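Engineer: Right, I'll just put the structure down here and ask away after.
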Amino acid sequence: MYNILFVCLGNICRSPAAEGVMDTLISRQNPSPQIQVDSAGTAGYHAGEKADRRMRQAASARGIELTSISRQFRGREDFEKFDLIVAMDDENLRDILRLDPSGRYRDKVVKMTDFCRRYNDKYVPDPYYGGPNGFEYVLDLLEDACNGLMEHLKNAKL
Ligand code: 4NP
């Protein structure tokens, strides 16, 4: 089993959406690839909450149901458990790497937009304080990135 963790700030908008998009891609394949996904936030202030209602609704309209419950990223445990840790923006990336001062897990940590093929964006923007278009744009980016990530994993024969 290959384990992927998506990480944003609050774990109620971007990373639960990434988890849902990727999980939907995985389950649509037959046979399903041996990939498990989860998500977490660098901050814990929304721990225990469902994903933001606006994001759940926008995802649901695309046939993607977001069921994850917010939790904070757990340095040592998550670094060990996951094979790939995917940050949504540079702040998330920095906050994750700060918990790995020795650099032991550096190669596991990447940025979501590294896998985009149609978009040139360098990070997934935080949609929390913006309007509805922000949620649609995040989902567009995540669908592009998850397709690219799936292709990457196939090429790596995982
Ligand atoms: P996320 O979005 O990191 O994509 O889950 C945010 C959610 C909540 C807050 C910030 C970003 N907040 O400040 O409460």
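Engineer: Taking other Cβ within 10 Å of each residue's Cβ, how do Met22, Met88, Met150 sort, fewest first?
Structural biologist: By the 10 Å Cβ count, ascending: Met150, Met22, Met88.
Engineer: If I require 27 Å or longer along the helix axis, counting alpha carbons, and a Kyte-Doolittle average no lower than -1.0, what helices from the chain are left? Use full DSSP H segments.
Structural biologist: 132-155
Engineer: When a/c reaches 1.5 or more, the comparison of a/b and b/c decides; with that in mind, is the chain rounded, prolate or oblate per its Cα gyration tensor?
Structural biologist: rounded
Engineer: How high is the relative contact order of the chain, in percent, with contacts defined as C-alpha pairs under 8 Å that are six or more residues apart?
Structural biologist: Value for the chain: 26 percent.
Engineer: Pick out, in residue order, every one of the chymotrypsin sites (Phe, Trp or Tyr not before Pro) in the range 1-105 that is DSSP loop and has at most 15 other C-beta atoms within 10 Å; say none if there are none.
Structural biologist: Tyr45
Engineer: Please compute the net charge surrounding Leu9, taking Lys and Arg as +1 and Asp and Glu as -1 over other residues with Cβ under 11 Å from its Cβ.
Structural biologist: Net charge in that neighbourhood comes out at -3.
Engineer: Around Asn3, which amide H atoms from residues at least 5 apart in sequence, or from another chain, sit under 5 Å from its own amide H, with H modelled in the peptide plane?
Structural biologist: Gln36, Asp83, Leu84
Engineer: Hey, how many Å between the Cα centroid of the range 1-73 and the Cα centroid of the range 106-158?
Structural biologist: What the calculation gives is 13 Å, centre to centre.
Engineer: Cut-off is 10 Å between beta-carbons; in what order do Ser15, Ser68 appear when sorted fewest neighbours first?
Structural biologist: Ser68, Ser15
Engineer: Going by how many other Cβ atoms sit within 10 Å of their own, how do Thr42, Thr24 line up, fewest first?
Structural biologist: With the sparsest Cβ surroundings first, the list reads Thr24, Thr42.
Engineer: Next up: Hey, what number do you get for the chain at 222 nm if only DSSP H runs of n ≥ 4 count, each worth -39500 (n - 2.57), divided across all residues, to the nearest 500?
Structural biologist: -12500 deg cm²/dmol
Just so you know, all these numbers are worked out from the coordinates, no wet-lab data involved. Small disclaimer: the values here were computed from a predicted structure and weren't measured. Cβ sites come from the backbone with ideal geometry, for glycine too, and all protein chains shown count toward neighbours.
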